[in-house]
Amino acid sequence: MSTDWNDLGQSVPWASSSSDFPATSASASKKRRIQRACDICRRKKIRCDATQKLSKGSRCSNCVTSGSKCTFSNESTKRGPSQIYVDRLEHKLANMERLLRKLALRVDIEAELAQHASEFPPFLSGHSLDSAAERTATSSNSSGSLGVLTARRHNHPVTALDHDEAEYDSTDGDDEDEEPLPQRITKTFEEFNIIETPTCFHGKSSGLGLFRAATILKKEQGIEPAPNRGAGTQDNSEWERRLLAVPPPTSFTFPPDDLIRILFDLFFLHFTPFLPVIHRPTFEAQFSSGRHLRDTSFAKCVLLVCAIGSRYCDDPRVYIEDIGPKSAGWPYFIQVGDPKPPAYTPATLHDIQCHVMLSYFLQTTCAVGSAWSVAGYGIRLAQERGMHRRKSGKGPISLYDEQEKRAFWCLIAIDRYMSSSIGRPLACQDEDFDLDFPIEVDDEYWSVPEEGAPIPTPHQPTGVPSKISAFVAALKLYQIMALAVRTIYAINKSKALLGFAGEKWEQQIVSELDSRMNKWIDAVPAHLKWDPNRQDEVHFTQSVNLYAVYYFLQIFIHRPFFYPDKGSNALSFPSLSIATNAARSCSHLVEALQARGIQGTIPVSDSSINSGVVLLMAVWGARKTGVSVDSQSAMRDVSQCISYLKWCESR
C-alpha cells in the first residue's frame, strides 16, 4: 500500500496551508500590550500597575503612596527561545524523522523535503515568534479547547516546567533575561551529562540546584574550571540505555543453585536492614516450594533479590559479559521488565515488593528518575489494595498484614527520598494513610505458621536490639523531609493554599523543622547512636545510613537560605554554618565506613556529594558571607568525600 504524502501532510497541523493563519484580523492588528514595572516597584519586587496608570497620565499606585517619581530607566529586553527549548525541538524532530523512516522505508525524506520546499512556510525568525503565537491564539478562539492548549504551548515552550515558572518569574517583568530556575537546573543536568531524557523535570529541591549555586560562586571567585575527566555515570550510560531498551524475555533464567543462595544471603545482609521489604523465612519457604516456577510475580521478586544481592558479589557470573563489575545484577534485572500486574487485575503483595526493589535498583542506573515513577506507581497499587489503612479488629497480629505494612512503608521511604532529591511532588502525604509503624521484631522471631495452625504472637527477646528499629527511625526522618518538601520547597500556589504568608513564615518553618530534627536525634536508640568503633557491623551500617540521611536533611532544610541577601529569605541564624557543620560530620561518617571496607547505601553516597559541594561553597563564599572558614580542614573533608565516592565507583 503506497503512502499519499500529500494527505499525510494535510493531516499534520503544522503542515497546513497559510490560509489557516489569516494575515490580517481585528485581534492580530492590535498592538501587543507589554506589562512593565517602574524602577521602584522593580527594585522592591512588588506588583506595579504602571501600565494602567500611565495611560491616564498619572503615576502607579505605589509611587503615589510613597510620593516618588514613576520612572522607567532600565530597558528590558525580550528573551528569545531558551537553549533547552531548541534542544527539545531538535530531539522531537529527530524522533519524528526516525518514525517516518520506519513508516516509509523506500522514501528519501531529504529529497521529498527539497522537492516540496516551496510549499512550506518560511522559517520564523526570532522577532516574529511572538506575532506567530498571537495569530495562533487568535485563530484558536473559534476552534475549541485544543486550540487554546496549542496557543499556550506556543507562549510557554517548556510546558513541563510551566507549573513552577511562576515561582521564579517576577510579576512585574523584572529580570526578563534570566531563565526560570527549573530550566536552569535542567540545563545544568545536561551540562553534566547526567540527565536521563530531554523531558526529565528537576525542581527546586533537586540536588543540581546546589551544584549550580556552587558553580556560580566558583565563577565569582575567578576560579578556572578543572578539565573534564569524565565520570562513572557517563561511562555507564551508553550500555545501560542499550540494555534498558531490550524487551524482557518470555521465560526467566535464574542463577545456578550454588550462586543463588549466596545472593540471597548478600541481599538480606546488605539490603533488608535498611528496607525490610522481604520477610526471609516466608521468602525462602516459597522459593523452596518452587513457587518461582509457577508464579510470575514471585519469580520477578526472586530475580530482583538476586539483582540487588549481586551488587555486593564479586562472582563474575553476576556480570554482563564484556562489561564487568559495573554491570553486577543486570542479567537478572533486565529480565523483570514491567512489574505491573495485568490490566484490571489487583496487585499482589509480590507485585508491591517488586516495585520497592525495582525502584531501588533503578537508583543505581542512568534511569534515576524512573525510580521515582516506579515507587509512585507502587504506592497507587498498594492503595488500591487498601494497604495504606490500619487494619480494624483486635485479633492476633497477622504476618501477612505486617509484610504488607512493611512494603508500603518502604515505598513511602523511597518516594520521599527521591522526591526531595530530584525536586518532584510526593505521591502520598501523611494525611493520606493511617498505618502504624512496622512492629520492631526481627524476621527470625516471626514464625511462619502452617495452614490451619494458630498464629503465635511475635516477640523480640529482651536485650536484643531489633534491626527494624533503624527503619522506623528513618521513617520518622522522612516525615520531617516530607514537611520540608511541602513548605520550604512548595510552589507559590501551595504556599497560598497552606496559608504561608508574611515575612517571617520561612524563619518559623525552619525553626520548627530544626526543633523536630533535634527531637529526632535525641530519640535515636542507643544501639544506633553514632559510634565509629561500634563492633556490630549491621548496627554500625544502620547508624551510618541514619546519620547520613539526617545530615542530608539538615542541608536540605537550610540550603535555600545560605546567603542572607535575598530579601524575605533572610533568616536570623546562619544556615550556611549549620549546613557546613553537617557536611563535615558526614565526611567523618564516610571516612569511618571506608576504613572498614563497607559499601554504604544510596543516601550515604548522595549525602557525600552534597556535603562536598557545601564545603566548597563555604570556602569559596567565605568573603561573601563574612564567615571564618578553616580552608585546609574543609578541603581535607572534601577530599574524604571524593575518596569515598571514587571507592564506590565500581558499583
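If you check VAL302, VAL368, VAL374 for being among the aliphatic types (A, V, I, L, M), out of contact with any helix residue (DSSP H, G or I) (no Cβ under 6 Å at 6 or more places or on another chain) and surrounded by 18 or more Cβ atoms within 10 Å (Cβ to Cβ), only one passes: VAL368.
Please state which one of LEU571, LEU616, LEU576 is modelled with pLDDT under 90, of a type in the set (A, V, I, L, M, F, W, C) and not in a helix (DSSP H, G or I). Can you show your working first?
Numbers: LEU616 fails: not in a helix (DSSP H, G or I); LEU576 fails: not in a helix (DSSP H, G or I).
Selected residue: LEU571, the only one of LEU571, LEU616, LEU576 that is modelled with pLDDT under 90, of a type in the set (A, V, I, L, M, F, W, C) and not in a helix (DSSP H, G or I).
Quick check on ARG291: is it within 20 Å of LEU358 (Cβ to Cβ), among the basic types (Lys, Arg) and touching a residue at least 60 places away in the same chain (Cβ under 8 Å)? Taking the combined requirement at face value, the residue does not satisfy it.
Scanning the stretch 442-473 for residues that are closer than 18 Å to TYR400 by Cα, among the aliphatic types (A, V, I, L, M) and modelled with pLDDT under 95 returns VAL448, ALA453, ILE455. Yes or no: the stretch 247-256 includes at least one residue that is part of a helix (DSSP H, G or I) and among the hydroxyl-bearing types (Ser, Thr, Tyr). No, that holds for no residue. The condition (being surrounded by fewer than 21 Cβ atoms within 10 Å (Cβ to Cβ) and either under 23 Å from ALA490 (Cβ atoms) or among the hydrophobic types (A, V, I, L, M, F, W, C) (or both)) is satisfied by just one residue among LEU411, LEU399: LEU399. Taking the criterion of being modelled with pLDDT under 95, more than 27 Å from ILE412 (Cβ to Cβ) and out of contact with any His (no Cβ under 8 Å at 6 or more places or on another chain), would at least one residue in the stretch 338-356 satisfy it? No, the stretch 338-356 contains no residue that is modelled with pLDDT under 95, more than 27 Å from ILE412 (Cβ to Cβ) and out of contact with any His (no Cβ under 8 Å at 6 or more places or on another chain).
The helices (runs of 4 or more DSSP H) located wholly in the stretch 304-404 include none with 3 or more residues which are within 26 Å of the chain's Cα centre (by Cα) and charged (D, E, K, R). Suppose the filter is modelled with pLDDT of 50 or more and β-branched (Val, Ile, Thr); does THR77 pass it? Yes; evaluated as a whole, the condition is true for this residue.
Can you tell me which residues in the stretch 575-586 are closer than 12 Å to TYR547 by Cβ and either of a type in the set (Phe, Trp, Tyr) or crowded, with 22+ Cβ neighbours inside 10 Å (or both)? So that I can check it myself, show each step before the final result.
Residues of the stretch 575-586 that are closer than 12 Å to TYR547 by Cβ, as a first pass: 582, 585-586.
Across the stretch 575-586, the qualifying residues are ALA582, CYS586.
Pairing residues of the stretch 505-523 that are in the same structural domain as ALA548 (by TED's automatic domain parsing) with residues that are among the aliphatic types (A, V, I, L, M), at Cβ distances under 6 Å and at least 6 apart in sequence or on separate chains, gives GLN507/LEU571; LEU513/ALA484; LEU513/ILE557; ARG516/ILE480. Has the stretch 387-410 got any residue that is assigned by TED's automatic domain parsing to the domain that holds THR348, in contact (Cβ under 8 Å) with a residue 60 or more places away in the chain and at positive phi? No - not one qualifying residue is present in the stretch 387-410. Are any residues in the stretch 378-396 at pLDDT below 75 and surrounded by 11 or more Cβ atoms within 10 Å (Cβ to Cβ), and if so, which ones? Within the stretch 378-396, PRO396 is the sole residue that qualifies. When you check GLY290 against the structure, is it closer than 23 Å to GLY597 by Cβ, exposed (fewer than 14 other Cβ atoms within 10 Å of the Cβ), in the same structural domain as SER251 (by TED's automatic domain parsing) and out of contact with any helix residue (DSSP H, G or I) (no Cβ under 8 Å at 6 or more places or on another chain), yes or no? When the stated conditions are applied, GLY290 does not pass them.
The values are calculated or read from the model by the stated rules, or taken from the named source; none is laboratory data. Please read all numbers here as calculations on a predicted model, not as lab measurements. Quick reminder, even Gly has a Cβ in these numbers, built from the backbone with ideal geometry, and neighbours come from all protein chains shown.
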